[in-house]
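Student: Handing you this structure, nothing more for now.
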Ligand SMILES: Cc1cc2nc3c(=O)[nH]c(=O)nc-3n(C[C@H](O)[C@H](O)[C@H](O)COP(=O)(O)O)c2cc1C
């Protein structure tokens, strides 16, 4: 079992400690566990320059020569990926946001269908729900097979209440058990209605014109007669609802 943990903390604090606890729980079950940490603060990941090359032409045309391709390679060779960020003013940290921006092309042309995600966030008091939802939505848009959430209050206080520590330990165990259950599901992909809608809407928009986003156009040309990005079990009703959304959006454009 191979897991890559992408950590967006600006320091080695509570969020990293929680991911280490997830690793410990996983080690109890998997003797062959490979668990790799990508601390974005230590990695050579430059700030997106907004050139649109990745979206329009392909990620290989990104002018920034840094560690992003090797991080993507690690993610793609993993069974599961943990994305962790503390809440910073009701959002993810700048490191995590830039990392997500650098993977924008995967939002347009999803490709992480073989990986399960776990999204982890820590908070002093407010903003956890928003940050978990954001990271969960992104993992879904990237195509990830499942997304398990783990959100914990870790207020920056000198005397951390023992009851909160016990509650957090229990939540870490519960969420990690759920993540491991998802990791063991090797069945055929069953996309949610939301994912099928995403597919039909993207296909409708991006297969319209080759001019501006040629990489998207080429990608969706190969999928015109398909009901999902990859082989999947998609009931007809989901496709019909999704196609209706797709044509409504085209009409509004
Ligand atoms: C710049 C900054 C912004 C923060 N914003 C929030 C916030 O919006 N809501 C909140 O409840 N806690 C906020 N916090 C507290 C952190 O989310 C919390 O302490 C977290 O556990 C820190 O994780 P770390 O130890 O991995 O750095 C903020 C902390 C920092 C340094």
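Where a number appears in this text, it was derived from the coordinates with a stated rule and is not lab data. Everything quoted here is computed from the prediction, not taken from an experiment. Ideal geometry is used to build each Cβ from the backbone, glycine not excepted, and the neighbour counts take in all protein chains shown.
Student: If each of residue 101 and residue 192 carries a label point 7 Å out from its Cα toward its Cβ, how far apart are those two points in nm?
Tutor: Distance between label points: 2.7 nm.
Student: While we're looking at this one, here's another question. Using the number of other C-beta atoms within 10 angstrom as an exposure proxy, rank 1, 180 with the fewest first.
Tutor: Numbers: 1 16, 180 20.
With the sparsest Cβ surroundings first, the list reads 1, 180.
Student: So for each of 148-155, 59-66 I average, over its residues, the number of other beta carbons within 10 Å; can you give me the resulting order with the highest mean first? Working shown, then result.
Tutor: Details: 148-155: 19.6, 59-66: 13.6.
Ranking, from highest mean packing down: 148-155, 59-66.
Student: Here is a follow-up. Quick one: which of 118-124, 19-25 comes out on top by average Cβ neighbours within 10 Å, and what's the full order, highest first? Walk me through the numbers on the way to the answer.
Tutor: Values: 118-124: 24.7, 19-25: 17.7.
Per-residue mean Cβ counts within 10 Å order the peptides as 118-124, 19-25.
Student: Now, a different point. Could you give the angle, 0 to 90 degrees to the nearest 10, between helix 128-141's Cα long axis and the longest principal axis of the Cα atoms of the chain?
Tutor: Compared with the principal axis, the helix lies near 40 degrees.
Student: For residue 208 and residue 34, FRET efficiency with R0 = 45 Å and r from the beta-carbon atoms, rounded to 0.05?
Tutor: On the way: r = 43 Å, r/R0 = 0.95.
For R0 = 45 Å, the calculated efficiency reads 0.60.
Student: Going from the alpha-carbon gyration tensor of the chain, what semi-axes, largest first and in whole Å, does one get by taking the root of 5 times each eigenvalue?
Tutor: Values: eigenvalues 217, 89, 60 Å².
Each semi-axis is the square root of five times an eigenvalue, giving 33, 21, 17 Å.
Student: Hey, with R₀ at 25 Å, roughly what FRET efficiency would residue 114 and residue 24 work out to, going by the Cβ-Cβ distance, to 0.05? Could you put the intermediate results ahead of the total?
Tutor: Working: r = 25 Å, r/R0 = 1.01.
That gives a FRET efficiency of 0.50.
Student: If R0 is 35 Å, what FRET efficiency do you get for residue 169 and residue 65 from their C-beta distance, rounded to 0.05? Kindly include the intermediate steps, with their values, before the conclusion.
Tutor: Working: r = 42 Å, r/R0 = 1.20.
So the FRET efficiency works out to roughly 0.25.
Student: A follow-up question, please. Relative to the first principal axis of the alpha-carbon coordinates of the chain, what is the inclination of helix 162-183, with its axis defined by its Cα atoms, in degrees from 0 to 90 and to the nearest 10?
Tutor: 40 degrees
Student: A follow-up question, please. P(r) of segment 193-252 in 10 Å steps, Cα pairs, percent per bin?
Tutor: Bins of 10 Å from zero give 25, 54, 20, 1 percent of pairs.
Student: Averaged over all directions, how much area does the convex hull of the C-alpha atoms of segment 43-173 cover when projected, in nm²?
Tutor: Working: hull surface 35.0 nm².
Its Cα hull, projected and averaged over all orientations, spans 8.7 nm².
Student: While we're here: To the nearest 10 degrees, how steep is helix 236-252 against the longest Cα principal axis of the chain, on a 0 to 90 scale?
Tutor: Tilt of helix 236-252: around 70 degrees.
Student: Using Cα centres only, tell me the gap between segment 203-245 and segment 1-53 in whole Å.
Tutor: Measuring centre to centre over Cα atoms gives 32 Å.
Student: Can you put 164, 132 in order, fewest other beta carbons within 10 Å first?
Tutor: Lowest to highest Cβ neighbour count: 164, 132.
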